[in-house]
Every structure is written in C-alpha cells, then in structure tokens.
C-alpha cells in the first residue's frame with residue numbers, strides 16, 4: 001500500500017511541475033540551444049550556412065578588441081554594482097530599521113518604485129537636458145561661477161553610462177536587501193546593545209552578515225542586467241563606449257547572426273561563472 005502511495009505521490013509531483021518545465025523548455029532551453037547551434041554556423045554577406053565551424057569562436061576569443069570590450073563591460077558591472085550596493089543598502093537599511101510604521105514603509109517603498117512606471121528609454125533620455133553641454137547642471141555651475149566652461153564629461157561618456165545604470169538598476173538591489181533586513185530578529189540587535197555593542201559593531205557583526213543573501217541576490221540581478229545591456233550604453237555614451245551587448249547588437253544589424261550567437265554563448269558562460277562564484281560565497285537558498 002505504501003509503495004503505491006509513494007508512486008502516486010511522485011506522479012502527482014511530476015504533473016504539478018510539468019507546466020513549469022514545459023514553459024522553461026519552450027521559452028528558455030530551446031532558445032539557448034538554438035543560439036548554441038547557430039553559433040557554429042558559417043555565414044557570408046547574403047546567407048547563413050548551416051554546418052559546424054569554430055571560426056566564430058576563434059574570432060570572438062582571438063581578437064584584442066573582443067577582450068577589451070569584455071573588460072569594459074565587466075568594469076561597468078563592477079562600478080555600477082559598487083554604487084547600487086551602497087545606495088541600495090542605505091535605502092533598505094533606513095526603511096527597515098528607521099521607519100517604524102508599516103504604512104510609511106510601504107509608501108516610501110512605492111516612492112522608490114515610481115520610476116519603474118515609465119520606460120527605461122524615457123528615463124535615460126530625461127538625463128540629457130540635465131547633463132548636456134547647455135543642460136541644467138552646466139548652466140547652474142557656470143551661474144554659480146564654479147566652472148568657467150561646460151563640463152564635457154557629463155554626457156556621452158562613461159560617466160553618463162554609469163549614472164544611467166545606477167538610476168535604472170538600484171531598485172533591484174534595494175528590494176532583496178530590504179526583504180532580508182526585515183527578516184532579521186530584532187531581539188538579536190537588542191541583545192547586542194545590552195551587551196555593550198555600538199551601532200557600528202551591530203552593523204558590521206550582525207546586520208551585514210545576515211543581509212548577505214539579499215546582497216547576493218541583488219548582485220546577481222544588477223550584474224546580469226548590466227552585462228547584457230546595450231541600449232543604455234548606446235544612448236548614454238553616444239557610441240563612444242563599448243559593451244558586449246552593443247557589440248552583439250551591431251553584429252545583428254550587419255546580419256552576422258552566427259558571430260553574434262558565439263558572443264552570446266561566451267557572454268552567457270561568463271555571467272554564469274560570475275553567478276556561480278557568488279553562490280559559492282553566499283548561500284541564498286533560504287531567501288528563495
């Protein structure tokens with residue numbers, strides 16, 4: 001009787017999981033498999049040539065331009081991660097420990113999420129009147145006699161790209177960190193205070209270690225989004241900055257689909273290794 005019950009229970013579990021498995025297979029596994037297959041095809045100016053060639057990967061991994069582009073993308077990811085972590089942790093910490101009212105927590109959290117009601121492109125374009133040569137910031141600095149001439153680096157530069165990334169993706173760091181901080185037992189903090197621990201000791205020895213799963217989840221979100229982004233780099237740098245996503249977009253525009261697919265596979269493996277390294281350091285299963 002018991003073995004039959006176990007078999008029926010296992011079948012029920014498989015049936016319950018089958019819709020999600022089908023969705024993942026159709027919308028995730030099959031597209032990735034297609035990209036991998038196409039990455040080994042050949043091509044010319046007019047058509048794709050099915051086959052098995054390694055030239056796309058040789059061109060991708062043997063080019064100094066490719067390595068420079070990957071390093072530039074990773075640099076963007078590290079800089080953006082640093083700023084989003086600092087801002088995101090500060091906002092989440094304030095909401096979790098300094099806002100006592102649940103209503104005010106919800107209202108302030110919604111205030112942080114309001115920008116997501118608009119398109120990413122609109123939010124990026126909105127920076128141009130502020131950062132441009134004749135923009136609001138440059139005019140204000142010159143009117144205050146802080147600068148004698150407009151600051152050229154504010155727009156169409158790496159600075160504007162990082163600023164747009166931080167603006168777009170900080171909330172992806174705030175949400176998981178805030179969720180983790182809200183789960184911390186406040187009695188631990190009270191016990192630490194009773195034992196004579198100061199505010200910095202509590203933050204460094206208790207709050208930050210317990211917030212690591214949320215920080216890891218936010219890091220995965222931010223890093224993966226920055227590594228695959230191309231429209232932000234294109235618009236905010238004016239074509240002067242390089243990224244892997246922008247390189248693939250240019251190859252697609254030139255109908256070089258196998259080359260773009262090879263870069264996509266390399267980028268996917270790079271991001272997966274970064275995520276694997278994060279998961280090796282921090283166990284996030286309790287937050288999922």
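If you average the sequence gap of Cα pairs under 8 Å that are 6 or more apart and divide by the length of segment 216-288, what percent do you get for the contact order?
Value for segment 216-288: 33 percent.
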What percent does the relative contact order of the chain come to when contacts are Cα pairs within less than 8 Å and at least six residues apart?
26 percent
Taking segment 101-149, the equivalent ellipsoid from its C-alpha gyration tensor has semi-axes in Å, biggest first, of 33, 16, 5
For segment 185-288, evaluate the Debye formula with one uniform point scatterer on each Cα (no solvent term) and list log10 I(q)/I(0) at q = 0.25 Å⁻¹, rounded to two decimals.
-1.22
Per-selection Rg to Rh, the chain - Cα, Kirkwood hydrodynamic radius
1.06
Given the Cα-Cα distance of residue 279 and residue 82 and 0.36 nm per residue of separation, how much length would full extension add, in nm?
69.1 nm
Tell me the Rg and the Dmax, in Å, that the Cα atoms of segment 58-193 produce.
19.9, 60
With labels modelled as points extended 7 Å from the Cα through the Cβ direction, what inter-label distance (nm, one decimal) is found for residue 128 paired with residue 54?
4.6 nm
Before rounding to the nearest 500, sum -39500 (n - 2.57) across all DSSP H runs of length at least 4 in the chain and divide by the residue total; then give [θ] at 222 nm in deg cm²/dmol.
-22000 deg cm²/dmol
Fluctuation leader among 247, 236, 173 - the chain, Gaussian network, Cα springs under 10 angstrom:
247
Only Cα pairs under 8 Å and at least 6 apart count here; give the relative contact order of segment 7-158 as a rounded whole percent.
8 percent
Please pull out the direction-averaged projected area of segment 5-112, using the convex hull of its alpha-carbon atoms, in nm² to one decimal place.
14.9 nm²
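Computed from the coordinates by the stated procedures, all read-outs in this text should not be read as laboratory data. Small disclaimer: the values here were computed from a predicted structure and weren't measured. All Cβ positions, even for glycine, are placed from backbone atoms using ideal geometry, and neighbour counts span all protein chains on display.
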